[in-house]
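These notes are about the structure you will find just below.
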Amino acid sequence: MIEAKALTKIFEIKKGDDIPAVVDLNLSIAQGEVFGFLGPNGAGKTTTVRMLTSLIGPTSGQAWVNGFEVGKEDQEIRRNVGVLTEHPGLYERLSAFKNLMIYANLHDVESAEKQVEKYLHMLGLWSRRDDPAGSFSKGMRQKLAIARALLHEPQALFLDEPTSGLDPEAARLVRSFIEELGDQGRTIFLCTHNLNEADRLCNRIGIFKSRLIAVDTPANLRQEIYGRKVVFHLRALDPAWKKLIGTIEGVRDVQLVDQKIVVGMEDPEGLNPKIIRLLVENGADLLFVGELRHSLEDIYLQTLEEEGVIKDEL
Amino acid sequence: MNFKSIRTIIDKEWAEVFKNRMVLFTMIFMPLIFTVLPLVMLYFTGQEMGDMGGVGTADVPAEFLSACSSDMTGAECMQVYLVNQFLLLFMMVPVIIPVTIAAYSIVGEKTTHSLEPLLATPISTFELLVGKSLAASLPAIIVGWISFGLFVAALPLLGVTKSVINYIAGPTWLLAIIIAGPLMAIASVNLTIFVSSRVNDPRTAEQISTLFLLPILGLLFAQLAGVIVINVMVMLSFIGGMILVDIGMVYLGTSIFQRENILTRWK
């Protein structure tokens, strides 16, 4: 559905002064996948989206969207993708209805008025259809911009910071709508700084800083970076238990934190019963057991730190 | 070329830009002044015709006599001389109006970030440029023609003689209004596109682009100083020059109005 092979974009600021915005991007996103594209400011995320939506041409490499090749079938690509740009970019003096009608006509949508009406209803904007877009709240503007990106029913959607600057309620509404779009089988390329959002919405995540540093499902990234860890909450802690647990085959590391024992291992389902039995046999009052779940933010920061990106920027 | 896309752009531009008071003011007030001023001048010089009975061709600047036909009286020739200065005002209409519309349209789209979603549609940059250019120049051309039409229609009502009307509705003025005007509108739109790509304030774009009026003002002062007389030959030469300027300006406009340029280089 979306594929990139060694996609590269270098901006020449002055002669001999080049800025590599995107370097050797290799990516394959399947139909119906929600792909999170994460990276710090200036990482080249918007440049990537612009290349994949045929707004700017790559310096080298190739990319295909919906089977159409970037740089060769640009008009077809633009006909088949929906783009939510970083700024809503609405015509503020024009009504919501007129804003959408312009785009429906540019996409040559059949029964344009009906389609506009459908999306205004769907996003709860029908009662404000005749009001100028400039009078809308940030959340309403964003919803209108999302409707605009969907009018021609594209199978691939590129969303650049869809919840940026929105209040929590508006952000929740937009997120639910993205979830619905994902459920409809549309391919979604989501650029975001909101890591909880990416964790919740995306099947896979790419961490990007001019080049793709890591790409996998959030669960696999967690495991890859931190391995799996289980926390045993106890009424009281005996430091001797650390050594005992460490002798069990398959245990990677053991840490004592307050009244808890944190055990790193590859196979919690196989080892947890053994550890629980050992602790109980040695007089431990086990309160409860749970897997330690690192946030996507931890993964993101750890990945960038390992790559020297954060250190470089500090 | 997709005409539906071009029509949509024109429709959008007009819907948006005509809600702007500054644009409306420029579109209505300026042509009105430029139409009324020469009429007032002709009315008062007509009233004074009696007193001008003694005016002979010797009173008209010698360089201008060639513009007067042999059947004109000295007073009529003087009227033609005076009203000829206003021809250049009519020629300013197709420069000022498109500059105002294009400046507000393009800089406006830059400041509201609405160009990027527009560029993400299947419209080609050429169609977009044609749409924007037509949206800016058509009102100017139409307003210019209407002003001139009203001006000519009002002449008999003010008692202007047939010889003077024949001169005003003659080849020099018609070439200026019907051919030179649209050519100047095209050039000024493309100049505004170029200027708008470099600035972020519509008024700055407008002010810089109106520098394009300088050649017209040059003609005006040259005629007032008696250096040239605007006649058919001068107008044909002007049109020839404008065609060359248009070719250059359209090339400049289309080379600057490219997706990648707009998104990565426009400041």
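The values are calculated or read from the model by the stated rules, or taken from the named source; none is laboratory data. Because the structure is predicted, anything quoted here is derived from the model rather than measured. Cβ placement follows ideal geometry from the backbone for every residue including glycine, while neighbour counts extend to all protein chains displayed. Heads up: the accessible areas ignore ligands, DNA and RNA and are worked out on the full protein's heavy atoms, side chains in. Shrake-Rupley method; radii C 1.70, N 1.55, O 1.52, S 1.80 Å.
Pull out all pairs, ordered by first then second residue, where Cβ-Cβ is under 7 Å, the residues are six or more apart or on different chains, the first lies in the range A:74-103 and is touching a residue at least 60 places away in the same chain (Cβ under 8 Å) and within 7 Å of another protein chain (Cβ to nearest Cβ), and the second is of a type in the set (S, T, Y) and open to solvent by less than 50 Å² (accessible area, probe 1.4 Å).
Once the first residue is touching a residue at least 60 places away in the same chain (Cβ under 8 Å) and within 7 Å of another protein chain (Cβ to nearest Cβ) and sits in the range A:74-103, its partners that are of a type in the set (S, T, Y) and open to solvent by less than 50 Å² (accessible area, probe 1.4 Å) give A:V83/A:T53.
Condition (residue is closer than 27 Å to B:P122 by Cα, of a type in the set (A, V, I, L, M) and in a helix (DSSP H, G or I)) applied to the range B:174-182: is it met by at least one residue?
No; the residues of the range B:174-182 include none that is closer than 27 Å to B:P122 by Cα, of a type in the set (A, V, I, L, M) and in a helix (DSSP H, G or I).
Among (1) over 16 Å from B:G248 (Cα atoms); (2) part of a helix (DSSP H, G or I); (3) of a type in the set (V, I, T), where does B:V199 come up short?
Every listed condition holds for B:V199 apart from (2).
With respect to A:S28, determine if the residue is open to solvent by 10 Å² or more (accessible area, probe 1.4 Å) and outside any helix (DSSP H, G or I).
In short, yes.
Name the single residue that is surrounded by the most Cβ atoms within 10 Å (Cβ to Cβ) among those in the range A:174-193 being part of a strand (DSSP E or B) and touching a helix residue (DSSP H, G or I) at 6+ places or on another chain (Cβ under 8 Å).
The qualifying residue surrounded by the most Cβ atoms within 10 Å (Cβ to Cβ) is A:F189.
Grab the helices (runs of 4 or more DSSP H) fully contained in the range B:41-156, keeping just those with 2 or more residues being at pLDDT below 80.
Result: B:74-111.
Considering the range A:265-291 alone, what residues qualify as being assigned to a strand (DSSP E or B), surrounded by fewer than 15 Cβ atoms within 10 Å (Cβ to Cβ) and of a type outside the set (D, E)?
Within the range A:265-291, A:L286, A:L287, A:F288, A:G290 qualify.
I'd like to verify a number: residues in the range A:241-264 that are open to solvent by 50 Å² or more (accessible area, probe 1.4 Å) and in a helix (DSSP H, G or I), how many?
Total satisfying the criteria: 3.
Could you list all residues from the range B:117-139 that are open to solvent by 20 Å² or more (accessible area, probe 1.4 Å), over 18 Å from A:V81 (Cβ atoms) and among the polar types (S, T, N, Q)?
B:S133
Scanning for something within 11 Å of another protein chain (Cβ to nearest Cβ), under 23 Å from the mean Cα position of the chain (by Cα) and at negative phi, does the range A:108-126 turn up at least one residue?
No; the residues of the range A:108-126 include none that is within 11 Å of another protein chain (Cβ to nearest Cβ), under 23 Å from the mean Cα position of the chain (by Cα) and at negative phi.
Identify, by number, the condition in (1) under 30 Å from B:V250 (Cβ atoms); (2) surrounded by fewer than 19 Cβ atoms within 10 Å (Cβ to Cβ); (3) not polar (S, T, N, Q) that B:L191 doesn't meet.
Answer for B:L191: the failing condition is (2).
If a residue has to be of a type in the set (F, W, Y) and either touching a Ser or Thr at 6+ places or on another chain (Cβ under 6 Å) or within 14 Å of chain A (Cβ to nearest Cβ) (or both) to count, how many in the range B:106-164 make the cut?
Adding up the residues that qualify gives 2.
Checking the conditions here, which among A:A43, A:A6 is assigned to a loop (DSSP other than H, G, I, E, B) and more than 14 Å from chain B (Cβ to nearest Cβ)?
A:A43
Since A:N196 meets every condition but one in (1) at pLDDT below 90; (2) over 11 Å from A:F37 (Cα atoms); (3) crowded, with 19+ Cβ neighbours inside 10 Å; (4) of a type outside the set (K, R), which condition does it not meet?
Among (1) at pLDDT below 90; (2) over 11 Å from A:F37 (Cα atoms); (3) crowded, with 19+ Cβ neighbours inside 10 Å; (4) of a type outside the set (K, R), the lone unmet condition for A:N196 is (3).
For A:A63, which of the numbered conditions (1) buried (at least 18 other Cβ atoms within 10 Å of the Cβ); (2) on the phi > 0 side of the Ramachandran plot; (3) assigned to a strand (DSSP E or B) fails to hold?
(2)
At pLDDT below 95 and open to solvent by less than 10 Å² (accessible area, probe 1.4 Å): which single residue out of A:G89, A:G71 fits that description?
None of the others qualify; the one that does is A:G89.
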